[in-house]
Structures are given as structure tokens and as C-alpha cells.
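The values are calculated or read from the model by the stated rules, or taken from the named source; none is laboratory data. No experiment lies behind these values; they were computed from the predicted model shown. Every residue, glycine among them, receives a Cβ derived from its backbone with ideal geometry; neighbour counts consider all protein chains shown. Each accessible area value is taken on the protein alone, full model and side chains, heavy atoms only, with ligands, DNA and RNA left out. Shrake-Rupley method; radii C 1.70, N 1.55, O 1.52, S 1.80 Å.
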Amino acid sequence: MSGSYYVPATSKWPALGSLALGVMMVGLGMTLVHGRGTVVMAIGLVGVLAVMALWFRDVVSESRSGLYDAQMDRSFRWGMGWFIFSEVMFFAAFFGALFYVRTFALPWLGGEGTKGATALLWPEFTAHWPLLSPPDSSVPGPAQVFSPWQLPLVNTLILVSSSITLTVAHEALKEGHRKVCRNWLAGTVLLGLCFITIQAVEYYEAYAHYGITLQAGIYGATFFILTGFHGLHVIIGTIILIVMLARVLRRHFTPEEHFGFEASCWYWHFVDVVWVGLFIFVYVF
Amino acid sequence: MAPKVPPQPTLEQSSTAAEAGHGHAHHAPPKGILRWLLTTNHKEIGTLYLIFSLTMFFIGGIFALVVRLELFQPGLQFVRPEFFNQMTTMHGLIMVFAAVMPAFTGLANWMIPLQIGAPDMALPRLNNFSFWLLPVAFGLLLSTLLMPGGGPNFGWTFYAPLSTTFAPPSTTFFILSLHIAGISSILGAINIIATILNMRAPGMRLMDMPLFVWTWLITAFLLIAVMPVLAGVITMMLMDINFGTSFFNAAGGGDPVLFQHLFWFFGHPEVYIMILPAFGIVSAIIPTFSRKRLFGYASMVYAVAAIAVLSFLVWGHHMFAVGMPLVGQLFFMYATMLIAVPTGVKVFNWVATMFRGSISFEPPMLFALAFVVQFTIGGFSGLMLAIAPADFQYHDTYFVVAHFHYVLVPGAIFAILAGAYYWLPKWTGHYPNERLSQWHFWLSVIGVNLTFFPMHFSGLAGMPRRIPDYALQFADFNLASSLGAFIFGFSQLLFVAVIVLCVRGGKKAPAQAWGEYATDLEWSVPSPAPLHTFETPPTFERPAH
């Protein structure tokens, strides 16, 4: 413990990262508000991705040159753990919105309970879920919703299996079987890509045939914000796993020291658990 | 790592560590602005946070003075109502997100590693990132004032549909700037938790930590728990505005009240985020200047934890007048009143610490004492507001404004000022100028009470908040409030003078600047604290009880 904690001297990545994120957000705002600004947004996004890549590269090389001790390892563990907790709360907001709407807002709109006075606005409205006909006729509802026992079930099986394959890869790494680890990790990446592809197909179906759109009342809104942010997290998780695959191929990990790999596993399992919640509450019930 | 400032007396431990040398050490530090842009040093980043916060405090203060100027007398004198709305909104947003929160984070950056005997924050580069996101976020937020249609004008709570359907076009930029600020807060909080849990000096148990560290540990947990919820709710706003979703639109099956539930699920823990570290600062100062140990250390810790847990269960008390089933009103009313119990424990312990103490009244103690008295006033008006049937009367009046300003200005901000006066000798090596500090304190106390105390009366008499004009019977109260606001605002310039003088010179402070009853680890390093401290962890010795 004597003075071994590594405090990097200086780094240009955080300041550049802030700048890039600011440029990206300004570009996004310009695009949304003024309809032009995609170039600015793209420059910012490239900047953010570049800074992330270079920053992580520094961390990887510091780790490989032995600058990190066990205490540093614990800092990363706490950091990653609390980061995932923040992600849990991010999804909790969207799940909370879904539950609130289904349990309170819609029944009240339909005239239930002491607050049923809101039924005066749309007297013909009856509450039901999935909400195919929103209260006001100006808002088109979905024509129909997905059966959970087709593509969503397939995706559930894929994602749950991917957690298992990733665990096998992790165990292989801990046992020192690098090639086994490589193969199972590659399999996990493939499963992740399959999930993303099927989700893309489902989104296409939603817009083309089911009438489930962002504008389709509260059903479309909750459907897309939950599946959308989850899908984004699967994409990020898959990229992380691809990076881990590259690092496994370059022999970066030892059976004892591989927190980068382990953190990726944590993240992937978290994304998997969120999906199970989605499957139950968005698709099944 | 070589010190970046001229050689100073350093701790024995740190010099040995520096000579032992790491592979990464001995880079020439960058000069000028680059030093501040690239730094990974917790003290430099803490200073950046504090300077940023002070700057934003003045900007938000100017907005408040525009509001008070308009309200000086009835009628519309100086600004258009549209602009008045932007001023009330931006005042709240800037003060909450850009002044108070960064001030506490800055104090955390400076003091937590010093108080737990750590060489730096656990993740120093992330620390730098957390800070430099802030100028980006609030530069963007302030720029909305110059955009077509003006800046945010819907109050700092940005209720839908006022902030969605009826909002100015710049709202999208407001949302994005808040996203950046949120990322900054979450990453900063993760860093603070990792530092506290992982970087304590060998031998220091959790229950040995100074209360400022404890309160920040719990605050950081609150931040990580609720800032993502804020991110979620503003994302839903963004979708409603730009992509035609119906989250907060009843026509599509959504609900504007959903916005309020989500916002206040974030918002209520948020107000404790702005007060818990204040409790920590005051718990450090009062024992020092009472020349006694803190009364009831363990109960202080449990009280803070209890307040944090309860903070998740009381958000509905902001929404009594909105419409909620009776059982919900009862639950939120009683849960809110429960908070008075742990808060009472804290106030009792502070008073008991002073009881039969040998008290002296240096500037930090003055602000801490004012904190205890005035925060308690704010707490009592909070209890009044917690009573659901009474709240129907008080809701959206100046009584609410008086309540939360009492807990935030002579509450949070006085604690920040107390902390600054308390630790300035450690930061600069000099004591703050006594005479100027006293002027600053007394003018602040008089100004604050002249501003906010009359608001209780105008509020109880029914004056609505956030309106640029008012009925004649409120004229005297508002005149007093405006006078007080200008006294308070301009007397803060004295604080700037004190800081500048303190940095440039003044009476030299020894390591234990405030005497032998300040025993936390920060007082074991020289004043001013060298750039690098505790590079070799000190061995923590538990004071004999």
C-alpha cells in the first residue's frame, strides 16, 4: 500500500471529451430545432468516440505496464458497479412511467376512482392495455401489438443464452484456457449481433405493419423508449465485447487479472436482466 | 510526481514517496491555462469547481436581482413578463445545478482526500472530466437566453406541458445542457464513492470518518440514484417535443402528472443532495469552535442515513394540490413529517455540542451558528407545508419561496461559506481577513432575513410566486424583500474581496489553523496544503475516547 496508487500526471482526454460532447450536443440541438446541424453532430460524435478510444487505450497500456495495484483494481470495481447502478435507475424511470400510466393514468382517464373527473374530457374513452385507441382521435393508436411468443421470445432466448456463453468464456479465462474463452466470447458477440438484427426487423415490422410508431399514443412512446434504450445498450455492450475479443486475441488478460473483461461481463448481464424485465412487462403483460 | 508549485514544506510521507519515484513521475507540468485544463490533481480540480461555482453564484444572483428589481413595487417597471419568467427559471436552474451542487463537489474534491488520508481521488482523470463538462453544460444553458424565443421560462421545475407543448424552441438545448450536467454529477458522485470506500488511510473505519465524508458518501449515493431519473424524464420531454410521443400528453394516453412524479422523485432527493454535505461541514465547525468533541457522532451518521432513505418516499408532498388519491396524500404527509425526527436529532446534537463549550466566534463559526438557527426556521416552515390540507393554502405562494430559500440560502449557502472560511487557511496558508469577514457575515444575515422573512407573510396572505406583478397590499413586504436582496447580493462582493486578500497574503496559518480541537486529518498537513499529500498513506490513529 505504500505510495503505489497510480495518479496520472495530466491527461488531455477529459477536456477534449467535454469539448467533443458539447459539440455533439449543440449539433443534436441544431438538428432537432433548426433541421440543420447533422455535420456538427457527426463531428462531435466522432470526437467523443475518438476520445473514448484513446482514453481507454491509455488505461489499457498503463494497466499492462503494471502501474495499477490491487487498490486501483478496487477503484475500478466500485466505479463500474456504481455506474451500472446509475443505469439501473435510468431504466427504472422508464419502467416507472410505464407502470404509472397503466396503473393510474389510464384508468383515471377512463373515469375510474375519485379523480375520474378527467373522464369529462373524453367521455367515450375506456381504459385498456395495450392502448390501441388513445383518448383523442387526433392521436392514432397502434393497429395491433406484437405477440410475445414469436420474435420477442426468440430474442429472450438469444440474450439469456448469451449471458450463459459469456459466463463460460469468463470461466475459461479464469482457468487459463484462452482459446476456449475466445470461442465462447465470439459466440456471445454473434448472439448479440443476432439480437440487434432481430430487433431491427421488429422495428421495421412495427412501423410497416403494426402501426406501432413513436406517435402512436402512450403505447408507442413507452414501447420505443424502453426497447430503444435497451437496444442502444445492447449495441454498446456488443462493441465492448468485440473490444474484449480483440484483447483476448492479443493476450491482454491473465487468469488472475482481467477486470476489463469482468466489467464487460457485468455490463452484459445487466443488459440481459433489463431485457427480461422488458419481455415480461412490455411484451407479455 | 513533482510538485507544480514552488517548493513548500511537505509531509514526511509525501516527500519520501516522491523520491521513491514512479515510472510516471517527473513530467514538467504544463503552464498557464493548460495546467488547469489537463490537471488530475484533486486540489486543483477542487479549486476549479469552487471558482466555477462562485462565478455561477453571481450570475444566478444577478438573475435574482432582476426579479427583485421588478418586484420592488407593484406594476410592470423594468422587464417584460416573458423575460421575468426566464429570469426566475434561470435563477433557479443556475443556483441549483451550477452554484450549490458544484460548490459542494468542489469542497468534496479538496477535502475528502485530505480527510481520509488519500493521495488523490480514486479516478483522477474522470474527476477532471466531471469538472470540464460543467462549463460546457452551463455555457450552453446560458446561451439559450440569446436564442429566438428566449431561454427556459417555465420555472426551474419545468412542468410539462408548459415545458413541452408551450415551451420556447430553445428548450431542446436546455434539455441537452441538463444531460451534460447530469453526466458530470453522476461521474463525480461515482468518483467520490469509490474514493471514500477504497482510499481511506489504513486503520480508518467507516465510523471513524469525519462527518463531511459521511454526508458526502450518502449524498453521492443519492446523486447516483436520482440523476439518471432526471435524465430519463428530460429524455421523455425531448421525445414529446421533437418526436411526437405522448408521455405527458393526455390526448395520447399519457399524463402531465407523470412528469411531476418523475421530476419530484428526482427533485426531493436533490434538495437533500444540497443540504447533507452542509450538515457535514457544520458538524466539523461547531466542535472546533466549541472546543469539545461532537456530541453524538454515531447518531449523526444514522440520522443522515435515515434522511436519505426517507428522501425517496416523500416526493408526493410537492404535488398535494395537483390531485392525488387520499391514501397517497396521507402517506406522503406522514412520511414527510418523519423527516423532522432525524433532522431534530442533528439540530439537538449541534446544540448539545455547544452546551457548556468554550465557544469563540470566528467567521466559520458565525456562519455555522446562523446555519443552525435559520436552517431550523426553514425546517419548521417545511413541516407546515407537509400538512396536506394546509398545503392547499400555501401551495405556489411566496410561503413556499420563503421556505426553500431559508433552507438553501442561510442553509446550504451559509454552510458553503462557513466551509470556505474554515478551510481557507488550509487552502491558502493565510487566515481570512477578520474585519471584512465579519462585515460579510452580518450584512449577509441581515440581507437574507430582510429578503426572505417577509415572504412568509406575503405568502400566507396569498401572493402567488413566479408572477411579475402583485396586488397593492403586498407592496411593503416586497419592498423589504427587494432591499434585503440587494444588500445580500452586493455584500457577497466582500466575500470575493476576502478570498482575494486571503490568497495574496494575510496572517499566516499553522497546520492546525483552528486549534487543537480540529483533529481531522486535513489539519495534520501543512498550511497551505502542498499539491500532493498522503502519497504514502498515513496510519490513522483513533482518538482516545
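About its Cα centre, the protein assembly as shown has a charge dipole of approximately 1460 debye under the convention of +1 per Lys or Arg Cβ and -1 per Asp or Glu Cβ, with nothing else charged. By the helix-only formula, in which each DSSP H run with n ≥ 4 contributes -39500 (n - 2.57) and the sum is divided by residues, the protein assembly as shown has a 222 nm mean residue ellipticity of -22000 deg cm²/dmol. Of the DSSP H helices in chain B, those that are both long (alpha-carbon extent of 27 Å or more along the helix axis) and hydrophobic (Kyte-Doolittle mean at least -1.0) are B:42-70, B:124-143, B:171-198, B:211-243, B:363-386, B:434-460, B:475-504.
Ranked by the mean number of other Cβ atoms within 10 Å of their residues, highest first, the peptides B:170-176, B:428-434 come out as B:170-176, B:428-434. Taking the accessible area of region B:81-157, probe 1.4 Å, and keeping the other protein chains in place, the carbon and sulfur fraction comes to 72%. Across all Cα pairs in chain B, the calculated P(r) in 10 Å bins from zero up to the longest distance comes to 4, 18, 29, 28, 15, 6, 1, 0 percent per bin. Annotation for region A:134-156 versus region B:329-394: alpha-carbon center distance of 51 Å. The Rg/Rh ratio of region A:62-186, with both radii computed over alpha carbons and Rh defined as the Kirkwood radius, is 1.23.
GNM remark for chain A: springs join alpha carbons under 10 Å apart, and the peak mean-square fluctuation among A:197, A:165, A:188 falls on A:197. For region A:214-241, a reduction of at least 10 Å² in accessible area between the chain on its own and the assembled protein chains (probe 1.4 Å) is found at A:214, A:215, A:217, A:218, A:221, A:225, A:229. Straightening the chain between residue A:62 and residue A:129 buys 18.8 nm, computed as 0.36 nm per residue apart minus the Cα-Cα spacing. Of the peptides A:33-42, B:315-324, the ranking by mean beta-carbon count within 10 Å, highest at the top, reads B:315-324, A:33-42.
Quick one: go through region B:280-303 and flag any residue whose amide nitrogen is under 20 Å from the point 7 Å out along the Cα-to-Cβ line of residue B:338. From region B:280-303, the list is B:299-303. Model label points for residue A:249 and residue B:83, set 7 angstrom from Cα along the Cα-to-Cβ axis, are 6.2 nm apart.
Within chain B, the longest segment free of exposed loop sites, counting trypsin sites (Lys or Arg not before Pro) that fall outside DSSP classes H, G, I, E and B and have at most 10 other Cβ atoms within 10 Å, spans B:357-545. Specify the inter-centroid distance of region A:5-62 and region B:41-75, based on alpha-carbon positions, in whole Å. Between the Cα centre of region A:5-62 and that of region B:41-75, the gap is 28 Å.
Between residue B:327 and residue B:207, the C-beta separation translates, for a Förster distance of 45 Å, into a calculated FRET efficiency of about 0.70. Surface analysis of the protein assembly as shown yields an accessible area of 39 Å² per residue, using protein heavy atoms and a 1.4 Å probe. Once B binds A, the 1.4 Å probe can no longer reach about 5800 Å² of accessible area, counting both sides. The listed residues A:181, A:194 rank as A:194, A:181 when sorted by accessible area, largest first, using a 1.4 Å probe. Of the residues in region B:324-343, those shielded by at least 30 Å² of accessible area once partner protein chains are present, compared with the chain alone at a 1.4 Å probe, are B:325.
Partner shielding of A:19-29 amounts to 6, given as the average count of beta-carbon atoms from other chains within 10 Å of each residue beta-carbon. Apply the a/c threshold of 1.5 to the C-alpha gyration tensor of region B:386-545 and tell me whether it is rounded, prolate or oblate. Since a/c reaches 1.5 and a/b is larger than b/c, the shape of region B:386-545 is classed as prolate. Which residues in region B:427-441 have a backbone N closer than 15 Å to a point placed 7 Å from the Cα of residue B:51 along the Cα-to-Cβ line? It comes to B:428, nothing else. Can you pull the percent of region B:272-410's accessible area that's carbon plus sulfur, 1.4 Å probe, other chains left in place? The nonpolar share, carbon plus sulfur, comes to 77 percent. Suppose R0 equals 51 Å; then what is the FRET efficiency for residue B:73 and residue A:276 from their Cβ-Cβ distance, rounded to the nearest 0.05? Rounded to the nearest 0.05, the efficiency is 0.25. Based on alpha-carbon atoms only, what is the radius of gyration of the protein assembly as shown relative to the globular estimate 2.2 N^0.38 Å? My calculation over the Cα atoms of the protein assembly as shown gives 0.97.
Burial of accessible area (probe 1.4 Å, heavy atoms of protein chains only) in region B:154-196, relative to its chain alone, reaches at least 50 Å² for B:173, B:176, B:190. Taking 7 Å steps out from each Cα toward its Cβ at residue A:269 and residue B:487 produces label points 6.1 nm apart. Take each residue in B:107-115, count the other chain C-beta atoms within 10 Å of its C-beta, and the mean is 0.
What part of the accessible area of region A:82-235, given as a whole %, is carbon or sulfur when the probe is 1.4 angstrom? Answer for region A:82-235 is 68 percent, counting heavy atoms of protein chains only. With R₀ fixed at 22 Å, the C-beta to C-beta distance from residue A:198 to residue A:235 puts the FRET efficiency at about 0.95. What pairs from B:43/B:346; A:12/B:43; A:12/B:426; B:292/B:507 go past 21 Å between their alpha carbons? Pairs exceeding 21 Å: B:43/B:346; A:12/B:426; B:292/B:507.
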